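Readers should treat all values here as calculations from the given coordinates under stated rules, not as data from a laboratory. What you are looking at is a predicted structure, and each value in this text was computed from that prediction instead of being measured. Please note: Cβ atoms are built from the backbone with ideal geometry, for glycine as well, and neighbour counts cover all protein chains shown.
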Amino acid sequence: MKRLATLLFAALLGVSFTATAALASPEKGQRLYQKKLKKVCGFNGAKFAAKHTQDEWEEIEEAGKFEDEIQKICPKYKKGYLKPSQLKHIYDFAYEYASDSGNVPSC
């Protein structure tokens, strides 16, 4: 019984580390914005994120229109320029620093 409990604990611990690493992060999204989108958009990440409220960003993402919205905000952006994993990070960045969040990014 003790072996089973130890094995179960170790498995849960391993899964928790894996799940945390798979989540998108606003910090990585900010770095990606600076590296990939700042020139394309022509303005900093604070202005980009402030284009919508958190609820609006969430609706756009749930509708699967996030990349379309980037293209609308940044006309020079070409669809497919960012990988889906990068888009998740940029979405988290936009959501974290949305106009109603009260947060201000450092970019």
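State whether one or more residues within the range 78-85 are under 19 Å from R31 (Cα atoms) and either surrounded by 18 or more Cβ atoms within 10 Å (Cβ to Cβ) or aromatic (F, W, Y) (or both). The answer is yes, given that some residue of the range 78-85 is under 19 Å from R31 (Cα atoms) and either surrounded by 18 or more Cβ atoms within 10 Å (Cβ to Cβ) or aromatic (F, W, Y) (or both).
Determine whether P75 is of a type outside the set (S, T, N, Q) and buried (at least 16 other Cβ atoms within 10 Å of the Cβ). Quick ask: steps written out before the conclusion?
Values: of a type outside the set (S, T, N, Q): yes; buried (at least 16 other Cβ atoms within 10 Å of the Cβ): no.
Spelling it out, it is not the case that P75 is of a type outside the set (S, T, N, Q) and buried (at least 16 other Cβ atoms within 10 Å of the Cβ).
Here is a check on your reading of the model: is H52 touching a residue at least 40 places away in the same chain (Cβ under 8 Å), crowded, with 16+ Cβ neighbours inside 10 Å and farther than 15 Å from P26 by Cα? Give the derivation first.
Values: touching a residue at least 40 places away in the same chain (Cβ under 8 Å): yes; crowded, with 16+ Cβ neighbours inside 10 Å: yes; farther than 15 Å from P26 by Cα: yes.
When the stated conditions are applied, H52 passes them.
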